[in-house]
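Trainee: Got a structure here, written out as structure tokens. Questions coming.
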Amino acid sequence: MDTTKWYHLYIDYVVDKGLMQGMGNGMFAPNDDTTRAQFVTVLYRMAGSPQVEHATSFQDVPAGIWYTDAIAWAYANGITKGVTPNHFQPNAPVTREQMFTFFARFAALNGETIEGTGDLTHFTDAASLSAYAVEAVTWAYESGLLVGLSNNTLAPKGTSTRAQVATVLTRYCKIFG
């Protein structure tokens, strides 16, 4: 990995903490999209990979796959409700608004108060946030997890790269412990 890139310290942090792993062959793939399964697996690791007692009803989450327990845990703890009641879409890229919604629900699970009462109007695309994500994204911005993209946008429907997830994850750990 190029140690001169902006994301280098963030990736080092999450790998050192065991929260994210490489993609094989010594590669982290910082510019690849993060899947929904990969993201909830990160949160599951942050929670200490607790024992999972129940499977989910998601038809697209088979038993015994590397992400099965993480998704079951996330569902059981209200971190995800799925894309539909019967589908999680584990291989779909996690969008930025989904990522911050999952972070907010994870923070609430850990006793944080999630109140997004601020103003996002200085972001030129704030109106494109999905209704379910407005409070979570506002909270993420107010708490310092979200700084937006360089052109004053949120890109809520955009995908989250592995480097972006590592960056926000590092911020989360430093802000909330």
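The values are calculated or read from the model by the stated rules, or taken from the named source; none is laboratory data. Values in this document were obtained by computation on a predicted structure and should not be read as measured data. So basically every Cβ, Gly included, is an ideal-geometry build from the backbone, and we count neighbours across all protein chains shown. For accessibility, only protein heavy atoms count, side chains too; no ligands or nucleic acids. Shrake-Rupley method; radii C 1.70, N 1.55, O 1.52, S 1.80 Å.
Trainee: Among (1) of a type outside the set (D, E, K, R); (2) open to solvent by 60 Å² or more (accessible area, probe 1.4 Å); (3) free of Cβ contacts under 8 Å to residues at least 60 places away in the same chain, where does Asn110 come up short?
Mentor: Failed condition: (3).
Trainee: While we're on this one: If you go through the range 47-59 one residue at a time, do you hit one that is of a type in the set (Phe, Trp, Tyr) and under 26 Å from Arg171 (Cβ atoms)? Talk me through it step by step, then tell me what you get.
Mentor: Here is the first cut: in the range 47-59, the residues of a type in the set (Phe, Trp, Tyr) are 58.
Those left that are additionally under 26 Å from Arg171 (Cβ atoms): none.
No: the range 47-59 contains no residue that is of a type in the set (Phe, Trp, Tyr) and under 26 Å from Arg171 (Cβ atoms).
Trainee: Can you report the number of residues in the range 128-155 which are in a helix (DSSP H, G or I) and surrounded by 11 or more Cβ atoms within 10 Å (Cβ to Cβ)? Quick ask: steps written out before the conclusion?
Mentor: Filtering the range 128-155 for residues in a helix (DSSP H, G or I) gives 128, 131-143.
Within this subset, residues satisfying the condition of being surrounded by 11 or more Cβ atoms within 10 Å (Cβ to Cβ) are 128, 132-143.
So the answer is 13.
Trainee: Only one of (1) closer than 26 Å to Trp66 by Cα; (2) of a type in the set (Phe, Trp, Tyr); (3) open to solvent by 20 Å² or more (accessible area, probe 1.4 Å) is not met by Phe102, so which one is it?
Mentor: Going through the list (1) closer than 26 Å to Trp66 by Cα; (2) of a type in the set (Phe, Trp, Tyr); (3) open to solvent by 20 Å² or more (accessible area, probe 1.4 Å), Phe102 breaks only (3).
Trainee: Mind checking which residues of the range 114-125 are more than 11 Å from Glu142 (Cβ to Cβ) and surrounded by fewer than 19 Cβ atoms within 10 Å (Cβ to Cβ)? If you could, list the steps in order and put the result at the bottom.
Mentor: The initial filter retains those residues of the range 114-125 that are more than 11 Å from Glu142 (Cβ to Cβ), namely 121-125.
Of everything in the range 114-125, those that are more than 11 Å from Glu142 (Cβ to Cβ) and surrounded by fewer than 19 Cβ atoms within 10 Å (Cβ to Cβ) turn out to be Thr121, His122, Thr124, Asp125.
Trainee: Taking Gln38 as meeting all but one of (1) in a helix (DSSP H, G or I); (2) of a type outside the set (D, E, K, R); (3) open to solvent by 20 Å² or more (accessible area, probe 1.4 Å); (4) modelled with pLDDT under 90, write down the number of the exception.
Mentor: (4)
Trainee: Tally up the residues in the range 69-84 that are in contact with a Pro (Cβ under 7 Å, 6 or more places away or on another chain) and within 11 Å of Ala37 (Cα to Cα), please.
Mentor: Of all residues in the range 69-84, those in contact with a Pro (Cβ under 7 Å, 6 or more places away or on another chain) come to 71, 73.
Checking which are within 11 Å of Ala37 (Cα to Cα) leaves us with 71.
Looking only at that region, the number is 1.
Trainee: Restricting attention to the range 33-80, and to residues there that are more than 14 Å from the chain's Cα centre (by Cα) and charged (D, E, K, R), which single residue is nearest to Gln164 (Cα to Cα)?
Mentor: The extreme case among them is Asp69.
Trainee: Still on this structure, please answer the following. Residues in the range 59-99 that are under 12 Å from Leu43 (Cα atoms), among the hydrophobic types (A, V, I, L, M, F, W, C) and open to solvent by 60 Å² or more (accessible area, probe 1.4 Å): how many?
Mentor: Matching residues across the range 59-99 total 0.
Trainee: Which of the residues belonging to the range 74-107 are aromatic (Phe, Trp, Tyr) and not in a loop (DSSP other than H, G, I, E, B)? Can you show your working first?
Mentor: If we filter the range 74-107 for residues that are aromatic (Phe, Trp, Tyr), which is where we start, we get 75, 88, 100, 102-103, 106.
Listed by number, the residues that qualify are Tyr75, Phe100, Phe102, Phe103, Phe106.
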